[in-house]
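The values are calculated or read from the model by the stated rules, or taken from the named source; none is laboratory data. These figures come from a predicted structure and were not determined experimentally. Cβ: placed from backbone, ideal geometry, glycine included. Neighbour counts: every protein chain shown.
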Amino acid sequence: MTSLIQVQKKIMNCMWDIKCYPQTHLSKERSLELIEEAFLKAIEIENYFSVFKDSPFNKINDQAGTDKVKVSRECIDILLKAKKYYRETDGNFNIAFLGLEGFRDASLIEVDEDNLEVYLPYSEMKISLGGMGKGYAVDVVHNFLVSHGLINFLINGSGDLKSHSHPNAPRAWRVGITNPFNLKNTIGQIEIKNSAVATSGQYKKRDHIQSTHLNLPLSVTILGATTMECDIWGTYISTLSIPEGLRALNRSKQFGFIVDQSGKCHQSRRSYRSFQQVVQRGVHG
């Protein structure tokens, strides 16, 4: 069996893993160099957008109610995406979940595209890219590696995954979905080629996702084109009751499934055939 090239690194306070098959056009040394450079891209994103350190992004929070903050074009694009999903999810996906309760409204974030400035109009407001930041970083790492010629690789940002497969690759990447009742085990596997997967929910950090709904999902897994959008959708569905979550998945034709507090799997129509075996097995273990 061909041995994989694999590198792990702690980023964003969690373990990241990049693995690839030996390249026909790149040496092992060059492949490792590219992977290390890709990790640096993720670290740059962490250093810019973290709210747990004195970062450029955190200046937006520091200057809330006081002054506009000059930011990068990248930051503008991410905030516009966040505001878009806030509107489309009726406020359930919300990067303004920090700060005082009455000021948790992402629609209040003022984004000046022309001057690259951001302003929070109230000092009580705080924003964070929890629910989309790690997925975005995985996408950036993926695009960097593709642009530098790496093929047949898999990025795992602690559960946020993005794969690349050459058209002639002999097999897809097989990834396991974490069992929310036993994090050392999986509830099943899916095969992905040039796809992203993200799992969100309450199973790692209780009350990590805020919602007024009862009977919240224990975990939500979404498969799609970009890790950031899978991340966003997983976070959004995690704020809804099980019936509402399924309706939202089906309306948008998302490929995903929900594990409820009792261990039952609920699948979107699009994913039913692929996850049929998971449903039959259940997830306790």
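Need the failing condition index for Met132 against (1) without any contact (Cβ under 8 Å) to a residue 12 or more places away in the chain; (2) crowded, with 17+ Cβ neighbours inside 10 Å, just the number. Every listed condition holds for Met132 apart from (1). Please go through segment 158-188 and pick out each residue that is of a type outside the set (Lys, Arg), part of a strand (DSSP E or B) and under 23 Å from Val141 (Cβ atoms). Residues satisfying the conditions are Asp160, Leu161, Ser163, His164, Trp173, Val175, Gly176, Ile177, Thr178. When segment 8-63 is limited to residues that are under 30 Å from Glu124 (Cα atoms) and acidic (Asp, Glu), the one that is modelled with the lowest pLDDT turns out to be Asp54.
If you go through segment 130-157 and pick out every residue that is within 10 Å of the chain's Cα centre (by Cα) and either farther than 30 Å from Leu100 by Cβ or part of a loop (DSSP other than H, G, I, E, B) (or both), you end up with 6.
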